[in-house]
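The block underneath contains the structure these notes are about, expressed in structure tokens.
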Amino acid sequence: MILISEDVWSADFEALAKSFPIIREPELWRNQDALRGKLSTATALVVRNRTQVTRDLIASAKNLKIIARAGAGLDNIDLKAADDHGVVVSAALGINATAVAEQTLALALALSRKIIELDSSTREGQWNRKAGVEISGKTWGLLGFGATARATAELLKGFNVRILAYDPFAKPEKSYLDSLNCQMSSLDEVISNSDYLSVHLPATTETREIIDSKKLSTMQKSAILISVGRGEVINEADLEQALRDGVIAGAGLDVRAQEPPTDKRFTDLGNVILAPHIAGITHESQAAIDRVLVSEIRAALSGGQQSHAVGAIKQAK
Ligand SMILES: NC(=O)c1ccc[n+]([C@@H]2O[C@H](COP(=O)([O-])OP(=O)(O)OC[C@H]3O[C@@H](n4cnc5c(N)ncnc54)[C@H](O)[C@@H]3O)[C@@H](O)[C@H]2O)c1
């Protein structure tokens, strides 16, 4: 049986259901005991980012062959435990990069041209022709230079920007960097020189709250920060203060330290646009991800090869 513990479904899963029994419970992630019970007979588990796939859970799922993660980021899956128990973890990494890049640009453009603010005032009958700023000709900083950052850099080709990127683990070819008008730089250089700073970092012990009041104070007063990686990378209290004090000009936050947030932070600030972790979610990216996952599950359950395994186990037992 294939168990889907979150809101994942599409025509591809519909087709899969003709070959394998599927239990689909979009709210199951909320109840770890119920999840454990259902998983005891499952051969495949499909999750987004809410199901906590812990070592305990994996150990209790004796028939489990594959965990399929719809989306990028593996924070909610104990990959080492899956490796130890011989379970394949497949994820469609990088497939939603274009979607994230478009949302990054959308947030930057909306903040630059005050689109939300002027939409509200125009609806209220005002005719407030407030000048915005242009992205063209500016410096754009990327923190992290993986799939989503590169997709953003590709889109920025049309904007004639200079790009600075910080990622000590990435080793891009010089010709590729040149094609993007991009230069790899230090963290401090990227932060202090950018008119736009988009954050594409995963949450790790090194990146947690890497953006704090100290770093924010080195940014330009006119700078716009876009956060589309993981919310934990930013100290939100420090960012809120910086936005109130005019240390930076604005922020677009797709991801938050706590999701969904239980506080009202940022909600009264006109220089912030908030989004519900939606950057990677478009009809196109979801369809592409589901196609990959369904093919991985089919292969895992019928002795075939997995091509999107992200852990040490590359072939289902
Ligand atoms: N908002 C969304 O909807 C959405 C969608 C996709 C991905 N994400 C998240 O965005 C993050 C990036 O996604 P991606 O697809 O670009 O991932 P990726 O793995 O392709 O790239 C991440 C990059 O971060 C770099 N990195 C890791 N630790 C670093 C550090 N300490 N300092 C500097 N660089 C470091 C890595 O070298 C890598 O190049 C992930 O956490 C992912 O979960 C969010």
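Out of Ala279, Ala257, I need the residue that is of a type in the set (A, V, I, L, M, F, W, C), modelled with pLDDT of 95 or more and near the ligand (Cβ under 10 Å from one of its atoms). Which one? Step through it out loud before you land on a result.
Numbers: Ala257 fails: near the ligand (Cβ under 10 Å from one of its atoms).
The match here is Ala279.
Summed over region 109-157, the residues that are more than 16 Å from the ligand (Cβ to nearest atom) and under 19 Å from Ile95 (Cβ atoms) give a count of 0. The criterion of at least 1 residues that are over 19 Å from Ala97 (Cα atoms) and out of contact with any helix residue (DSSP H, G or I) (no Cβ under 6 Å at 6 or more places or on another chain) is met by the following helices (runs of 4 or more DSSP H) wholly inside region 130-232: 174-179, 187-193, 213-217. With respect to the conditions (1) free of Cβ contacts under 8 Å to residues at least 40 places away in the same chain; (2) β-branched (Val, Ile, Thr); (3) surrounded by fewer than 20 Cβ atoms within 10 Å (Cβ to Cβ), Val133 lacks only one, and its number is (1).
For region 70-96, a tally of residues being more than 17 Å from Val294 (Cβ to Cβ) and part of a strand (DSSP E or B) returns 1.
Within region 41-97, the set of residues being buried (at least 19 other Cβ atoms within 10 Å of the Cβ), among the small types (Gly, Ala, Ser) and within 24 Å of the chain's Cα centre (by Cα) comprises Ala44, Ala68, Ala70, Gly71, Ala72, Ala82, Ser90, Ala91, Ala92, Ala97.
Flag: Leu239 does not match the condition of being within 15 Å of the ligand (Cβ to nearest atom), crowded, with 16+ Cβ neighbours inside 10 Å and not charged (D, E, K, R). In this structure, is Ile163 in contact (Cβ under 8 Å) with a residue 40 or more places away in the chain and in contact with a Phe, Trp or Tyr (Cβ under 7 Å, 6 or more places away or on another chain)? Answer is no for this residue.
When you scan region 81-91, do you find a residue that is outside the structural domain of Ile248 (by TED's automatic domain parsing), of a type in the set (Ser, Thr, Tyr) and within 16 Å of the ligand (Cβ to nearest atom), even just one? Checked region 81-91: at least one residue is outside the structural domain of Ile248 (by TED's automatic domain parsing), of a type in the set (Ser, Thr, Tyr) and within 16 Å of the ligand (Cβ to nearest atom).
The values are calculated or read from the model by the stated rules, or taken from the named source; none is laboratory data. Just so it is clear, the structure is predicted and the values come from calculations on it, not from any experiment. No Cβ is skipped: glycine too gets one built from the backbone with ideal geometry, and neighbour counts run over all protein chains shown.
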